[in-house]
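**Student:** Let me give you the structure first, and then I'll get to my questions.
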Amino acid sequence: MNTGPSDRTAPDPRLQRALVSLEGLSVGDAFGETFFASADAIVKRFEQRRPAPPPWFWTDDTAMAIGIVEVLAKCGHIDQDELAATFARNHAHDPNRGYGAGARQILRQIEIGMRWQAASKGAFSGAGSLGNGAAMRVAPLGAWHAGNLAEAAREAALSAEITHSHPEGIAGAIAVAVAAAWAADPKRPRGPGAAMLDVAIDLTPGGEVRAGIERARNLGPDMSVPTAVNALGNGLSITSPDTVPFVLWNAARRIDDFEDALWETATGMGDVDTTCAMVGGIVGAAVGRAGIPADWIASREPIAVIC
């Protein structure tokens with residue numbers, strides 16, 4: 001990974017936080033992707049908590065998160081035109097990362113010269129996307145803004161609008177970014193992250209995503225994963241309302257244990273690479289690089305970030 005800063009300058013702490021969150025996100029993404037396998041193999045791995053053999057391949061979740069980190073490193077903030085161009089360029093360079101049909105259409109339209117505003121607002125017959133794609137990539141942006149929850153929310157909305165103009169798609173990105181900004185703050189309270197759900201609710205616009213996070217808070221940390229999935233979803237519909245509440249519930253209750261957080265998230269199945277990517281980005285921001293198992297990082301396919 002090329003982190004950018006030269007030997008003559010001190011590393012930007014914001015960039016370092018974003019890169020650590022990206023590490024967690026990409027490991028979670030690749031870990032989750034290994035569960036698209038035979039049912040018998042998955043059951044045995046859950047019983048033994050035995051990860052799949054390497055290599056673990058990452059998906060569009062990581063590819064788009066890399067784009068966000070690259071723009072933050074270059075501009076110091078979310079420049080929407082730059083982010084749209086970066087998303088489109090990275091997609092054109094490596095299109096076979098499991099991008100959803102809606103994202104592929106938008107990014108190809110941007111590639112051929114359509115303004116991102118038109119491409120995003122025109123998706124799904126003009127309704128815009130309420131998918132979980134804006135939320136899956138945004139945790140490193142939250143980590144960049146550690147402790148500044150309002151700025152994390154504002155820039156998360158800007159990052160989401162490139163591909164997700166539906167209010168629920170934007171709300172999902174805001175919720176995850178705020179959670180990551182809270183998690184990355186060294187001044188946050190230690191222990192289970194119930195406060196993370198509170199701040200996410202406070203800053204997420206009203207709608208289905210926020211209502212789902214409120215249900216997540218009311219479930220409490222001791223509820224079983226299957227019960228939580230029944231109440232909150234697991235990303236199976238690939239929408240923000242069906243994904244983000246479960247992600248925040250799991251991240252909050254396992255905020256200081258990356259490995260346990262990922263196993264617990266994976267047991268919920270559904271859109272498991274994406275739920276694990278989101279949880280990995282949030283919990284990775286909380287525990288730091290030392291808290292991400294070194295053998296999991298080694299198992300993940302390498303990533304490269306142009307900073």
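Bear in mind these aren't lab numbers, they're just calculated from the coordinates by the rules spelled out. Remember, it's a predicted structure, so these values are computed and weren't measured experimentally. Quick reminder, even Gly has a Cβ in these numbers, built from the backbone with ideal geometry, and neighbours come from all protein chains shown.
**Student:** Rounded, prolate or oblate for the range 1-141? Axes are the square roots of the Cα gyration tensor eigenvalues, ordered a ≥ b ≥ c, and the cut-off for rounded is a/c under 1.5. Walk me through the intermediate numbers first.
**Tutor:** On the way: a/c = 2.39, a/b = 1.18, b/c = 2.03.
Because a/c hits 1.5 or more and a/b fails to exceed b/c, the range 1-141 counts as oblate.
**Student:** Still on this structure, I have one more. Can you tell me how the chain classifies by the Cα gyration tensor, rounded, prolate or oblate, using a/c under 1.5 as the rounded cut? Mind dumping the intermediate values first?
**Tutor:** On the way: a/c = 1.24, a/b = 1.17, b/c = 1.06.
Note, shape of the chain comes out rounded.
**Student:** Sticking with this structure for a sec: Treat each spin label as a single point 7 Å out from the Cα along the C-beta direction, and report the ALA294 to ARG49 distance in nm.
**Tutor:** 2.0 nm
**Student:** Which of the helices in the chain, when you take each full DSSP H run, stretch at least 27 Å along the axis at their Cα atoms and have an average Kyte-Doolittle score of -1.0 or higher? Walk me through the intermediate numbers first.
**Tutor:** Working: long enough: 13-33 (30 Å, 0.12).
Those that pass (Cα extent of 27 Å or more, hydropathy at least -1.0) are 13-33.
**Student:** Name the most mobile residue of ALA228, ALA290, ALA211, meaning the one with the largest mean-square fluctuation, in a Gaussian network model of the chain with Cα contacts below 10 Å.
**Tutor:** With Cα springs under 10 Å in the chain, the top fluctuation among ALA228, ALA290, ALA211 is at ALA290.
**Student:** Go ahead and collect, in residue order, the members of the range 146-168 whose backbone nitrogen is under 18 Å from a label point 7 Å along the Cα-Cβ direction of ASP79.
**Tutor:** 155-156, 158-162
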